[in-house]
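A short write-up of the structure that comes next.
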Amino acid sequence: MEDESKLAYKFLLKVSKKQKHKRFNEFLSNSEVISLNSRTNDLTLDLFLIKTIISQQVSTKAARSIWLKTYEYIKNSSNWSEEQLRQTGLSRPKASYIFDILQNKELRPLTTKKILEMPESDIDSYFLNIRGVGPWTLCSLKMFYLCSADVFIYGDLAINKACESFFLDLGAVKEYAPFRTYLCLYLWASLNQT
């Protein structure tokens, strides 16, 4: 059986042609197949949320630097404090959110399997009730932790920029279901072209 990334690529090509998204179709035709699985990692749920919160509204370079310092601090200490978290480069609100996540004992036993067994609305309400987790972070969790194939990350500045160059309006993205996560991956990739 063909893997999901190849199926998604063919589907996006077909839809972009059918919808007359000529520039996006041309971009896809000249692109390599992108695998969602190559983007996933082996972080625990709490660390994944922390890393994602760190990357909110900062450059990729800054997020990477702060994440490495924060991860080292978390890994090498068991007596965490908000003040020490701030010294890794986090803003006061982010340090507070991350401290709360580190103290959250309910997160540790949650496996991907257990989360996927929950109804979608329960997943949304559970995670959106965690301070620091908003719609963008929830979408990132669904895309890269749960590996859901059909998540579109509204509100992402890079996605919006890529959409402006390929589509007349954001309503066009609904045509790409059930592979909108892959749509996002290709939209992000389009911005990395030189």
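Observations, loosely collected:
- For region 98-194, the helices (runs of 4 or more DSSP H) that sit wholly inside it and include 3 or more residues that are over 18 Å from the mean Cα position of the chain (by Cα) are 157-166.
- Within region 85-97, considering residues that are in a helix (DSSP H, G or I) and among the hydroxyl-bearing types (Ser, Thr, Tyr), the one surrounded by the most Cβ atoms within 10 Å (Cβ to Cβ): Tyr97
- Selection status of Thr60, within 15 Å of the chain's Cα centre (by Cα), among the hydroxyl-bearing types (Ser, Thr, Tyr) and surrounded by fewer than 17 Cβ atoms within 10 Å (Cβ to Cβ): yes
- Helices (runs of 4 or more DSSP H) fully within region 15-84 counting 2 or more residues that are under 22 Å from Val133 (Cβ atoms): 45-54, 60-75
- Close pairs (9 angstrom Cβ cut-off, 6 or more residues apart or separate chains): without any contact (Cβ under 8 Å) to a residue 24 or more places away in the chain in region 144-169, surrounded by fewer than 19 Cβ atoms within 10 Å (Cβ to Cβ) and polar (S, T, N, Q) anywhere: Tyr154/Asn160; Leu157/Gln57
- Flag for Ser55 being surrounded by 14 or more Cβ atoms within 10 Å (Cβ to Cβ) and either of a type outside the set (A, V, I, L, M) or closer than 18 Å to Phe144 by Cβ (or both): yes
- Residue-level check: of (1) at pLDDT below 95; (2) hydroxyl-bearing (Ser, Thr, Tyr); (3) surrounded by 14 or more Cβ atoms within 10 Å (Cβ to Cβ), Ser78 misses just (3).
- Filter pass, Tyr126 being within 30 Å of Lys10 (Cβ to Cβ), among the aromatic types (Phe, Trp, Tyr), at pLDDT 95 or above and out of contact with any Lys or Arg (no Cβ under 8 Å at 6 or more places or on another chain): no
- Residue match in region 17-25 (condition: in contact with a helix residue (DSSP H, G or I) (Cβ under 6 Å, 6 or more places away or on another chain), of a type outside the set (A, V, I, L, M) and without any contact (Cβ under 8 Å) to a residue 40 or more places away in the chain): yes
- Residue in region 102-148 that is nearest to Gln56 (Cα to Cα), counting only those that are surrounded by 11 or more Cβ atoms within 10 Å (Cβ to Cβ) and polar (S, T, N, Q): Thr137
The values are calculated or read from the model by the stated rules, or taken from the named source; none is laboratory data. The structure displayed is predicted, hence computed values, not measured ones. Don't worry about glycine lacking a Cβ; one is built from the backbone with ideal geometry, like all the others, and counts go over all protein chains shown.
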